[in-house]
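Reviewing the structure listed below.
The values are calculated or read from the model by the stated rules, or taken from the named source; none is laboratory data. Small disclaimer: the values here were computed from a predicted structure and weren't measured. Cβ atoms come from the backbone with ideal geometry, glycine included; neighbour counts cover every protein chain shown. Remember, those area values only see protein heavy atoms, side chains included, never the ligands or the DNA or RNA. Shrake-Rupley method; radii C 1.70, N 1.55, O 1.52, S 1.80 Å.
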Amino acid sequence: MNRYLKVLFTIALAAAIAACATFYQKTYQVQSSIARGQFEKADRMMSNDTNWSQNNNRVLYYMNRGVVAYMMGDYRKSIDFLNQADYYIEDYSKQFGWEALSLVSNPMVKPYRPEDFEVIMVHFYKALGFIALNDLEGALVEARRINIRLQQINDKYKDHKNKYQRDAFAHNLMGMIYDAAKDYNNAFIAYRNALEVYEDDYSELFGMSAPEQLKKDLLRTAKLTGFADEVIRYENQFNMKAPELPGKNHGELLLFWLNGMGPVKSEWNITITNYGFNNGFVTLGNPELGLNYSYHSSNLSSKERAAFEDLSFFSVAFPRYVERKPLFSRGMVLYNDTTITFEKAEDINKIAFQCLHDRMLRELGNALLRVATKKAMEKLANNENENLGTIVSIVNTLTERADTRNWQSLPHSVYYARISLPAGKHSVDLQFTGKNSDRAAIQVEIEPEQTTFYSFHTMNSTEMY
């Protein structure tokens, strides 16, 4: 083997070994600090680590710093970081140099393109930040952008659109914000839209029913707006009476419980069968997964066609999510003799799995093209030089990796509860149960006839490794 080939092999092997670690493993220390609630430490580590802020991971850098700043209570800084993430998402455009390189290596050489639901979560956290700053108008803008973004995302897909096309919690959140601003007409409309999405979309996709609190809020705002017919209609539909309106010396506490940690990406390899050429098409698939893909042979070069003809089976690397199950599965708000159960409003974990599944179906063709290109290079190199062909074969095997980057500081699920309290300062107990149990006390100040928002995090979850 000549000196040039030895150098090529050494460089390629080193790069391939480095690529074998998942993004979760590479950033474990930061994620571990977040999971332990050591937010200042995680923030320092990210700010000092250039691997986080470099071009390829720049969006992830600002996403994670935005969440950590929110958890630290620095809401203005959180919004600033998330605005930066939003800017780079908007600015993201296909870079053909990176695309070409990824065809012969793997997708992690490209700047990270967020999963569709991650784009949505940027606006969710910005909305929470504006709420914490008592900027309800800013929060409304972000809540509206969630549904606008979802429509824009799905409009760009010709085939295999995301099944996650409407966000129930975004409508619910809009209702809460309008409600807090005493715009009961728009609050009623937003709550009604949320109910529709929970019943029509979330029940089938994520096994989630509409929260009972949403039904109460819908009835209450219908009552406040004077929609007597709607009150009767929904009382009959829900089999419940419209709630009594709180007294003038009472206010509302709206608690968001952000539970657990969202999924992380790992890798799996799909074995693809080559069914051969028929009527000008090559058909590839995996019967166990119900995958079939036909590729017109006119789009293949002679070298690629030869490579396909020599293949019976080959492996394609795809990312997959691994759930980090929360240790708490139930939460309650306790005040005096009142106990209110937190209700699930958003299952970020299930949304992530669904979006990645939909993306996999859309991108199977590109993945197969990537492997075919590698095989063509391997065959060509082997014909020209047996040693070079062997090296390319080894490198192709080692670099057939999936992109395992993702926004790992998101919560697993979002729950909420509403409780009416007398005006004044209160200590409210929170109780969490599941595989573990815990209690916490929070201090809140309630203004008469006003809504106070409060977020509480429990990061306790199972570890992947």
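At a glance:
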{"quantity": "Filtered residues of the stretch 143-177 (kept if under 21 Å from Thr451 (Cα atoms) and open to solvent by 10 Å² or more (accessible area, probe 1.4 Å))", "calculated": "Arg144, His171, Met174"}
{"quantity": "Lone unmet requirement of (1) open to solvent by 50 Å² or more (accessible area, probe 1.4 Å); (2) of a type outside the set (A, V, I, L, M, F, W, C); (3) modelled with pLDDT under 85; (4) out of contact with any Asp or Glu (no Cβ under 9 Å at 6 or more places or on another chain) for Gly285", "calculated": "(1)"}
{"quantity": "Residue satisfying all of: in the stretch 399-450; in contact with a helix residue (DSSP H, G or I) (Cβ under 9 Å, 6 or more places away or on another chain) and over 27 Å from Gly66 (Cβ atoms); most open to solvent (accessible area, probe 1.4 Å) among these", "calculated": "Gln450"}
{"quantity": "The stretch 262-302, residues that are over 30 Å from Ser461 (Cα atoms), touching a residue at least 40 places away in the same chain (Cβ under 8 Å) and in a strand (DSSP E or B)", "calculated": "Thr271, Ile272, Thr273, Asn274, Leu284, Leu291, Tyr293, Tyr295"}
{"quantity": "Test result for Gly251, assigned to a strand (DSSP E or B), modelled with pLDDT of 95 or more and small (Gly, Ala, Ser)", "calculated": "yes"}
{"quantity": "Pairs where the first residue, in the stretch 192-213, is at positive phi and the second is open to solvent by 10 Å² or more (accessible area, probe 1.4 Å), C-beta under 9 Å, 6+ apart", "calculated": "Gly207/Lys350"}
{"quantity": "Cross-chain or 6+ apart pairs with Cβ under 9 Å, the stretch 319-334 first and aromatic (Phe, Trp, Tyr), then open to solvent by 40 Å² or more (accessible area, probe 1.4 Å)", "calculated": "Tyr321/Phe353; Phe328/Thr433; Phe328/Gly434; Phe328/Lys435; Phe328/Asn436; Phe328/Ser437; Phe328/Asp438; Phe328/Asn460"}
{"quantity": "Residue within the stretch 69-84 that is modelled with pLDDT of 95 or more, under 20 Å from Phe117 (Cβ atoms) and touching a Ser or Thr at 6+ places or on another chain (Cβ under 7 Å) present", "calculated": "yes"}
{"quantity": "Cβ pairs under 7 Å, 6+ apart, first in the stretch 151-169 and in a loop (DSSP other than H, G, I, E, B), second surrounded by 11 or more Cβ atoms within 10 Å (Cβ to Cβ) and polar (S, T, N, Q)", "calculated": "Lys161/Asn154; Asn162/Asn154; Lys163/Gln354; Tyr164/Gln354; Gln165/Asn154; Arg166/Asn147; Asp167/Asn147"}
